[in-house]
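Accompanying notes for the structure given below.
The values are calculated or read from the model by the stated rules, or taken from the named source; none is laboratory data. Since this is a predicted model, take the numbers as computed values, not measurements. A quick note on method: Cβ atoms are made from the backbone with ideal geometry, for glycine too, and the neighbour counts reach across all protein chains shown.
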Amino acid sequence: MSAISIGRIVTKTMGREAGRKAVVTQLLDKNYVEISGPEEISGVKRRRVNISHIEPTNMTLEITLDNNSDDSIIELLNKNKEIKKALESKL
């Protein structure tokens with residue numbers, strides 16, 4: 001099992017959003033993933049990032065490729081207050 005997987009909560013380590021947390025929504029190839037904050041929660045826009053610019057945490061959300069829209073992520077976060085609070089906080 002890879003440390004970077006769909007639903008994994010990650011911390012951005014590079015760029016203007018460094019220190020903010022996001023959810024991995026899609027694995028694109030061996031170097032890139034798509035992440036989303038969602039922007040309303042953590043301030044991270046949905047974007048493609050290099051995996052060397054993120055650091056995985058030990059938290060995960062139960063999402064799949066079928067339900068990885070920002071609306072469904074927000075719905076899951078409203079059910080899991082601990083992860084939502086972690087996403088809202090900045091280092």
Within region 34-47, restricting to residues that are at pLDDT below 95 and acidic (D, E), the one that is surrounded by the most Cβ atoms within 10 Å (Cβ to Cβ) is E39
Note on region 11-50: residues within 21 Å of D66 (Cβ to Cβ), aliphatic (A, V, I, L, M) and not in a loop (DSSP other than H, G, I, E, B) are A22, V23, V24, L27, V33, I35, I41
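Answer with yes or no whether I63 is in contact (Cβ under 8 Å) with a residue 40 or more places away in the chain and either closer than 21 Å to G19 by Cβ or assigned to a helix (DSSP H, G or I) (or both). Can you show your working first?
Numbers: in contact (Cβ under 8 Å) with a residue 40 or more places away in the chain: yes; either closer than 21 Å to G19 by Cβ or assigned to a helix (DSSP H, G or I) (or both): no.
When the stated conditions are applied, I63 does not pass them.
For R47, state whether it is of a type outside the set (A, V, I, L, M) and farther than 24 Å from N78 by Cα.
Spelling it out, it is not the case that R47 is of a type outside the set (A, V, I, L, M) and farther than 24 Å from N78 by Cα.
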Return a yes/no flag: does region 55-65 have any residue that is modelled with pLDDT under 95, among the acidic types (D, E) and touching a Leu at 6+ places or on another chain (Cβ under 9 Å).
yes
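Out of N31, N68, N50, N58, I need the residue that is surrounded by 15 or more Cβ atoms within 10 Å (Cβ to Cβ) and either touching a Phe, Trp or Tyr at 6+ places or on another chain (Cβ under 7 Å) or among the polar types (S, T, N, Q) (or both). Which one? Break it down into steps so the answer makes sense when it comes.
Working: N31 fails: surrounded by 15 or more Cβ atoms within 10 Å (Cβ to Cβ); N50 fails: surrounded by 15 or more Cβ atoms within 10 Å (Cβ to Cβ); N58 fails: surrounded by 15 or more Cβ atoms within 10 Å (Cβ to Cβ).
Going through N31, N68, N50, N58 in turn, just one is surrounded by 15 or more Cβ atoms within 10 Å (Cβ to Cβ) and either touching a Phe, Trp or Tyr at 6+ places or on another chain (Cβ under 7 Å) or among the polar types (S, T, N, Q) (or both): N68.
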